[in-house]
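For reference, the structure is listed below as structure tokens.
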Amino acid sequence: MSQQKTPLKTYFDEIEETNGDDECKAWLSRALDSRDELAMFVAGRREGGGIGTYVGFLEGSFNLAFRFSFTDEGPDAIIRFPKPGHTATVYRDEKVMNEAYVMEYLRQNTDIPVPRVHSWGLTTDSPQHLGPFIIMDYVNGTLLWTVLKQTNQGEVVLHPKQPDQEEVVLNPNIDNATLDKIYHQIARYIFQLSQLRFPKIGAISKDTLGAWVITGRPLTYNMNELATVAGYPDSQFPIAPFDSAIEYLRSIANEHLTHLWTQRNLTDNPEIAQQRFIARHRFAQLISKYYSDDSGPFTPFCDDMRPSNMLIDPKTLQITAVLDFEFTNAMPAEFTYDPPWWLLLSGPEMWLERCSMEEFVTLYEPRMEQFLRALERVENESEFECKQLGPSLSTRMRDSWRTGRFWFNYAARKSFDVDSIYWAALHDGAGFESLEDKTRAEMESFTRMKMEQLEAYKEECAARFSSEI
């Protein structure tokens, strides 16, 4: 087999995505009609008294939040629900429970500005069973990414080769002093997370004695994406915590392969089917290259802790809140030891799909070095300098980038992008010929099956969407 020739793009299952959007729209209408009832509910669940008044709503990719003010002049509060259809319905209670525990844990063990939680509950606890909820303080601030993506003239900087796309990149002319101050704060948060320890990989919770434990499976961002826009079979996801990084990564590799076999429109033609087949089997083979069979430690890791989920005071450049800790779990410490993937705002997969690895690296490495210098300043601060064990976090991040573990870990968390990341960053010359005999023998029948799936999918799309015109 030759190396990759055809660009590998990210595809969602349009039927699954539309079904989710329809489910979400029906729920949104019901939720918006319940604002008065929610005002009373939130007022009764927060500290203080007073009557609640609806102020407005805030909508994200996965959640809808209603904001209320109160006659006792206490701070505004929000009640936030995961949106069905955008969060897999069967995971909504699990997701909210996990996040509520994580927020409490981080407020106790770090100085990350996590909003204060007044109350949380599951679907059965909510008005009209709208869904699981978290009631927390409303925090003023500007989304950090809107500050970072602005030019000096206030214009939005879009991808240089794709001016019509929504993705944005870091303003190349941003003031270094501004970025240094922001990086120092975020480096401090990541450093604190790197110092926390758990004995297993999974969801963080509290036992009856108040001790922090790992008893549930890791519910991840990637699992939610697969469940909502790929038609992934829920029965194939893990159901329990993991005791080692190797065990977890083997599960991830199986997740990538199950996705490959089950999403009907993931391959446009036989060549792409074969490229994805090789990439995902080779990813599984690379686990031993980047990980030894260890039993920890494991640290809290949030896939989505990035500027789009942080609020900042634009005058002081002080981060006022870090939001959305959904899908945060105790994970292999190596995930925390990677340099942040978001330093250019848009993820590496966008650059690999639309530009090139060289372009990404040219822009990324200077910002990575700037972030690592900020991290080194954090490491040298008196309150932290005596707590480090082994190599410093900044040293570990440089090692991750140098060895390519950054790319392996990123591919592990991205079932929709693992193929493009493999061919651009992880492919070492070994390809089809390095697969086991049994695996090589499967590729022909696999390719034929994917083309049959695609044909059936196209027919179903034609019938479904033509009837909606």
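The values are calculated or read from the model by the stated rules, or taken from the named source; none is laboratory data. Keep in mind it's a predicted model, so treat the numbers as computed, not measured. A quick note on method: Cβ atoms are made from the backbone with ideal geometry, for glycine too, and the neighbour counts reach across all protein chains shown. Ligands, DNA and RNA are excluded from the accessible area calculation, which covers all protein heavy atoms including side chains. Shrake-Rupley method; radii C 1.70, N 1.55, O 1.52, S 1.80 Å.
Filtered by the rule that a residue be of a type in the set (D, E, K, R) and not in a helix (DSSP H, G or I), segment 401-453 gives 413, 414, 417, 428, 436.
Figure legend. Inter-residue proximity from segment 369-382: first residues touching a residue at least 24 places away in the same chain (Cβ under 8 Å) and assigned to a helix (DSSP H, G or I), second residues open to solvent by 10 Å² or more (accessible area, probe 1.4 Å) and of a type in the set (Lys, Arg), beta-carbon distance below 8 Å, spacing 6+ or different chains. Indicated pairs: 372/398; 378/188. Take the conditions (1) buried (at least 19 other Cβ atoms within 10 Å of the Cβ); (2) touching a residue at least 24 places away in the same chain (Cβ under 8 Å); residue 351 misses just one of them, which is (2). Of all residues in segment 294-306, those that are more than 15 Å from residue 212 (Cβ to Cβ) and assigned to a loop (DSSP other than H, G, I, E, B) have Cβ atoms under 7 Å from Cβ atoms of residues that are open to solvent by less than 20 Å² (accessible area, probe 1.4 Å) and aliphatic (A, V, I, L, M), 6 or more apart or on another chain, in 294/245; 305/322. When residue 431 is tested against (1) at pLDDT 95 or above; (2) open to solvent by less than 20 Å² (accessible area, probe 1.4 Å); (3) closer than 17 Å to residue 271 by Cα, exactly one condition is not met: (1). Applying the selection to segment 44-62, what residues are surrounded by fewer than 20 Cβ atoms within 10 Å (Cβ to Cβ), of a type in the set (Gly, Ala, Ser) and under 18 Å from residue 119 (Cα atoms)? Those that are surrounded by fewer than 20 Cβ atoms within 10 Å (Cβ to Cβ), of a type in the set (Gly, Ala, Ser) and under 18 Å from residue 119 (Cα atoms): 44, 48, 49, 50.
The sole residue among 398, 354 that is over 18 Å from the mean Cα position of the chain (by Cα), modelled with pLDDT under 95 and more than 18 Å from residue 196 (Cβ to Cβ) is 354.
Counted as qualifying within segment 195-292 are the helices (runs of 4 or more DSSP H) with 1 or more residues that are without any contact (Cβ under 8 Å) to a residue 24 or more places away in the chain and buried (at least 21 other Cβ atoms within 10 Å of the Cβ), namely 245-262. Of 375, 344, 323, 317, all but one fail to be among the hydrophobic types (A, V, I, L, M, F, W, C), closer than 28 Å to residue 114 by Cα, open to solvent by 40 Å² or more (accessible area, probe 1.4 Å) and in contact with a helix residue (DSSP H, G or I) (Cβ under 9 Å, 6 or more places away or on another chain); the exception is 323.
The residues in segment 91-115 that are of a type outside the set (A, V, I, L, M), under 26 Å from residue 182 (Cα atoms) and open to solvent by less than 60 Å² (accessible area, probe 1.4 Å) can be counted, and the count is 5.
Across segment 63-90, the number of residues qualifying as farther than 16 Å from residue 130 by Cβ, surrounded by 20 or more Cβ atoms within 10 Å (Cβ to Cβ) and not aliphatic (A, V, I, L, M) comes to 0. Counting only residues that are of a type in the set (Ser, Thr, Tyr) and within 15 Å of residue 278 (Cβ to Cβ), which one in segment 406-428 is most open to solvent (accessible area, probe 1.4 Å)? Here the answer is 420.
Scanning segment 53-71 for residues that are modelled with pLDDT of 95 or more and among the small types (Gly, Ala, Ser) returns 56, 65, 69. Please work out if residue 362 is over 27 Å from residue 172 (Cβ atoms), assigned to a helix (DSSP H, G or I) and modelled with pLDDT of 95 or more. No; evaluated as a whole, the condition is false for this residue.
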